[in-house]
Every structure is written in structure tokens, then in C-alpha cells.
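Q: Below you will find the structure I want to go over with you.
The values are calculated or read from the model by the stated rules, or taken from the named source; none is laboratory data. The model shown is predicted, which means the values in this text are computed figures rather than measured ones. Note that each Cβ is placed from the backbone with ideal geometry, even for glycine, and that neighbours are counted across all protein chains shown.
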Amino acid sequence: MGVPLHFEMLDNNNENSNWEDRIKLFSKVIKTLGYHRIDYIVMDREFIGYKWLRWLKSLKIDFCVRVPKHHKILSPEGDRFSAEDVLKLGNRKVYLLPNHVVDTVSLNVSISYDDDELLYLVGTIASNKLKKAYKKRWSIEVFFQALKGRGFNMEKSCIRKLDRYKKLFAVVSMSYTICWGMGIYISKKNPVGLKKHGYPQFSVFRRGLNKVREMIKSIDFKDFTNMISHFRMNYLKIIG
């Protein structure tokens, strides 16, 4: 699961953040966490641009970013081609291209088809480890799903002022984390079975959310206190 440690609200008319916004935000994250606590950064296609990628590389913090398919690749020999061109070369499932230039930055490249969709990854992580690193981005998607229709329905809020929405986001994020902690607490006491595809029958977050709702309705403060204690020991360990 992804747990939000720092966030900002941008007034940019629903457009992607620019490289200056990202550098400003991530500088705050580094100041809070410290370089030594950051393993690597995982980003989706919105977080591209040569100034941003050069800045990340200068920090010597590893990263992995998915790139839109139209971004060209320059080989060490000077050949220029697209990710789709690479996949036309043969029947291999994954093509690994170390030390190739993308957006004027020398990076490692991984190109493959994942669920019939082109997956074009670049980063400072070794080419053969980019795909595994990128999969961890799914925890961010799980978090945002929980904020929306699968949990707190934040998109139905009528709040429009950024400062107020930021406070709401903070409260909901903490609530999500409490539900997550409760889900872990329940799963340790009563492990959930796995389906044929290897995933749990119920999400950890959903089990926790349902239990919190149940306790609030029944005012079972003893269980709630036990859960908060578990949450404090596990969540604060992440940020402390």
C-alpha cells in the first residue's frame, strides 16, 4: 500500500505539473525524509521532461519513469528509433537497452508489452530491474482508488478552495492509513484466503474500512483503542 507522506495542491487547470513544481516539491520531500531513506522514485508518463530528468539524475537517487511511446531513443552508435521500432525486431517479450539517450538524458531503457499494452520505461535503475520497480507504482493507484469510489468518495466533495481541499485530503489520507492499519491488524488475527490468481479475496484497506465503520456504529472503543495502538507503532515507524 502507498502511504502519503507529503503532498501539494496545484492550481494548474487540471494540467500536469511542470518541472519547477516537481523540483520544489521533491526538495521538500528530501528535506523531510533525507536522501538515505529514499530507495528510488517511480513515476508515470506525466512526469517527464529533460530538465526534470537531468535534475533527478544529478541527485544520484535512482528512478524509474514510464515514457510515452512517441519519445525517441538514441543508441550509443547514433541510431535514432522509437520503442515500437524495437519491438518489431523480433519475438522477445522484453528488450533491455542500457545507456541509451531519451529526452537528451543518458538512461537505461526497458521496452515490453504488458497486458497487450506497450510498456516503455527509462531510468537510472538497471534495465533488467526497471519493470519490477515500476510495478510498485500500483500501490499509489490503490491509494487513489480508496480516496474515490472504492472508499471515501472524495470526488463528490463540493469544496473548491485549494487550502480547504488540502486539509480534507490530509484528513482522508490519515483515515485511509488508519483503515489500512486496521486491515493489517485484522489480517494477522484472521488471515484472508487467496484467489486462484494469487491475490487476496478482500483488500487490506477494505477489511479495515468495514471494521472501522462497524466499530463506530457499535461504539466498540476497546477494539478501536487496540487498533490505534497498532497503527501508532507501525505508521509512525515509517515516518519517525
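Q: In region 23-47, which residues are assigned to a helix (DSSP H, G or I) and touching a helix residue (DSSP H, G or I) at 6+ places or on another chain (Cβ under 6 Å)?
A: Within region 23-47, Ile23 is the sole residue that qualifies.
Q: Okay, next question. Where residues in region 70-87 are within 28 Å of the chain's Cα centre (by Cα) and assigned to a loop (DSSP other than H, G, I, E, B), which of them is farthest from Leu118 (Cα to Cα)?
A: Lys72
Q: Given the criterion of a type in the set (D, E, K, R), in a loop (DSSP other than H, G, I, E, B) and at negative phi, identify the matching residue among Glu20, Glu15.
A: So the residue among Glu20, Glu15 that is of a type in the set (D, E, K, R), in a loop (DSSP other than H, G, I, E, B) and at negative phi is Glu15.
Q: I'm checking my understanding of the structure. Among residues of region 31-42 that are at pLDDT below 90 and either in contact with a Leu (Cβ under 8 Å, 6 or more places away or on another chain) or in the same structural domain as Gly181 (by TED's automatic domain parsing) (or both), which one is surrounded by the most Cβ atoms within 10 Å (Cβ to Cβ)?
A: Filtering region 31-42 for residues that are at pLDDT below 90 and either in contact with a Leu (Cβ under 8 Å, 6 or more places away or on another chain) or in the same structural domain as Gly181 (by TED's automatic domain parsing) (or both), the one surrounded by the most Cβ atoms within 10 Å (Cβ to Cβ) comes out as Leu33.
Q: Scanning region 106-162 for residues that are among the aromatic types (Phe, Trp, Tyr) and over 27 Å from Ile61 (Cβ atoms), which turns out surrounded by the fewest Cβ atoms within 10 Å (Cβ to Cβ)?
A: Result: Tyr113.
Q: So, in region 59-76, how many residues would count as being closer than 15 Å to Asn108 by Cα and either in contact (Cβ under 8 Å) with a residue 60 or more places away in the chain or surrounded by fewer than 16 Cβ atoms within 10 Å (Cβ to Cβ) (or both)? If you could, list the steps in order and put the result at the bottom.
A: The first filter runs over region 59-76 and keeps only residues closer than 15 Å to Asn108 by Cα, leaving 60-67, 71-76.
Subset that is either in contact (Cβ under 8 Å) with a residue 60 or more places away in the chain or surrounded by fewer than 16 Cβ atoms within 10 Å (Cβ to Cβ) (or both): 60-64, 66, 71-72, 74-76.
Adding up the residues that qualify gives 11.
Q: Follow-up. Answer yes or no as to whether Met9 is surrounded by 12 or more Cβ atoms within 10 Å (Cβ to Cβ), touching a helix residue (DSSP H, G or I) at 6+ places or on another chain (Cβ under 6 Å) and either under 30 Å from Val204 (Cα atoms) or in contact (Cβ under 8 Å) with a residue 60 or more places away in the chain (or both).
A: Here the answer is yes, as Met9 does meet what is asked.
Q: If you check Val65 against the conditions, is it outside the structural domain of Ser175 (by TED's automatic domain parsing) and over 21 Å from the mean Cα position of the chain (by Cα)? Quick ask: steps written out before the conclusion?
A: Details: outside the structural domain of Ser175 (by TED's automatic domain parsing): yes; over 21 Å from the mean Cα position of the chain (by Cα): no.
No; evaluated as a whole, the condition is false for this residue.
Q: Please go through region 88-119 and give me each residue that is of a type in the set (S, T, N, Q) and either within 21 Å of Arg54 (Cα to Cα) or more than 24 Å from the chain's Cα centre (by Cα) (or both), ordered by number.
A: Asn91, Asn99, Thr104, Ser106, Asn108, Ser110 - these are the residues of region 88-119 that are of a type in the set (S, T, N, Q) and either within 21 Å of Arg54 (Cα to Cα) or more than 24 Å from the chain's Cα centre (by Cα) (or both).
Q: Provide a single number: the residues in region 48-66 that are outside any loop (DSSP other than H, G, I, E, B), out of contact with any strand residue (DSSP E or B) (no Cβ under 7 Å at 6 or more places or on another chain) and of a type outside the set (D, E, K, R).
A: 4
Q: Output the residues belonging to region 73-97 that are among the β-branched types (Val, Ile, Thr) and out of contact with any His (no Cβ under 9 Å at 6 or more places or on another chain).
A: Val86, Val94
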